[in-house]
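Below is one structure, written out as structure tokens; comments come after it.
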Amino acid sequence: MTWQAPRVLLTILGCSGSLPGPHGPASGYLVEADGCRLAIELGGGVLAALQAHHDPFSLDALLFSHLHPDHCADFTTLAVTRRYHTHPPHDTRARKLPVHAPVEAPERFARAYAETAEELLTTDLSDVFEFHALADRGVTRVGPFEITAVRVEHPTESYGFRIAAGRTTLAYTGDTGPCDQLRFLAQDADVLLSEATWTHTGDRPPGRHLSGVQAGSLAAAAGVGRLLLTHVAPWTDREAVLAEARSRFEGPAELVSPGAKYVVDEPVTRVIGGHGN
């Protein structure tokens, strides 16, 4: 029998840059293979979107690229779910959810969860979560996935993720400005899920985000199979960002939208279309 790599499915739960937009949640993605479910980011509105696809208790791990609210605001509501659901499918204290995030995540999430300074003194979300600090080029294995964290350029501790399952690779930039690390992150990936927050003009602050031009240039330089653009800010012209990316990358490129699904290890055809594209 010929061995086959696991089918890798990417679902866009939310993709609005910097805050939830009029047509969908902030950043949130689901990657699945061999029955394993890996969530990336939980921005505002993402937990609701996740529930439309799967029970949140079915997650096998959770990744956070960084701790800005548009990427993690719904973590506190997930904590409520795991702590107070009246009939969970398993004991959430015996089977904690692994969370891979920047080193300050346990403290930051506790502060967001606690209602008072007094409550914060005793708030420890490690009763239902198992926290693991990310490190540059650190490798984590979850089910069929080998996940390499890559430190990128942003005003806070931030990472992109290179997620491999068998011979299939999905690269996700997280939030980043142009930096040398991105070439390693994206090199020869089947799919590059790249932020493209704004268009390419001369007045953009450095070290924060990518333009459509920069995302397309990265995809071309790294030789990726397909470019998926995400994290476009609600006030940015999405079609202008796409046109910029296509001006630099000759391969398939498109804007993602909430609800869209992609089979990463094919020539990336959309399985179910989203909206707002």
How big is the accessible area of Glu130 in square angstrom, nearest 10, if you roll a 1.4 angstrom probe over the protein chains? 90 Å²
Along the chain, longest interval not containing exposed chymotrypsin sites (Phe, Trp or Tyr not before Pro), exposed being DSSP loop plus at most 14 other Cβ atoms within 10 Å: 4-234
What number comes out for accessible area per residue over the chain if the probe is 1.4 Å? Units Å², please. 43 Å²
Accessible carbon and sulfur surface of region 25-172 relative to its total accessible area, %, 1.4 Å: 48 percent
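How would you classify region 160-277 from its alpha-carbon gyration tensor, with a ≥ b ≥ c the square roots of the eigenvalues: rounded for a/c under 1.5, else prolate if a/b is greater than b/c, otherwise oblate? If you can, show how the numbers build up before the last one.
Details: a/c = 1.76, a/b = 1.21, b/c = 1.46.
Oblate, since a/c reaches 1.5 and b/c is not below a/b.
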List the pair-distance distribution P(r) of region 133-205, using every Cα-Cα distance, as the percent of pairs falling in each 10 Å bin from 0 up to the bin containing the longest distance, rounded to whole percents. 20, 50, 24, 6, 0
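So what's Rg/Rh here for region 1-54, counting alpha carbon atoms and using the Kirkwood radius for Rh? Write out the running numbers ahead of the final one.
Values: Rg = 13.5 Å, Rh = 11.9 Å.
So for region 1-54, dividing Rg by the Kirkwood Rh gives 1.13.
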In Å, descending, principal axis extents of the Cα set of region 109-167: 49, 30, 13
What is region 22-119 by shape, rounded, prolate or oblate, if you read a ≥ b ≥ c off the alpha carbon gyration tensor as root eigenvalues and call it rounded for a/c under 1.5, prolate for a/b larger than b/c, and oblate otherwise? rounded
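Two decimals, Cα atoms only, Kirkwood Rh: what is Rg/Rh over region 84-210?
On the way: Rg = 17.8 Å, Rh = 16.9 Å.
My calculation of the ratio gives 1.05.
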How long are the three semi-axes of the equivalent ellipsoid of the chain, in whole Å, if each is the root of 5 times an eigenvalue of the C-alpha gyration tensor, listed from largest down? 29, 22, 17
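The values are calculated or read from the model by the stated rules, or taken from the named source; none is laboratory data. These numbers come from a predicted model, not from an experiment. Methodologically, a virtual Cβ is constructed for each residue, glycine included, from the backbone with ideal geometry; neighbour enumeration extends over all protein chains shown. Accessible surface areas use protein heavy atoms only, side chains included; no ligands, DNA or RNA. Shrake-Rupley method; radii C 1.70, N 1.55, O 1.52, S 1.80 Å.
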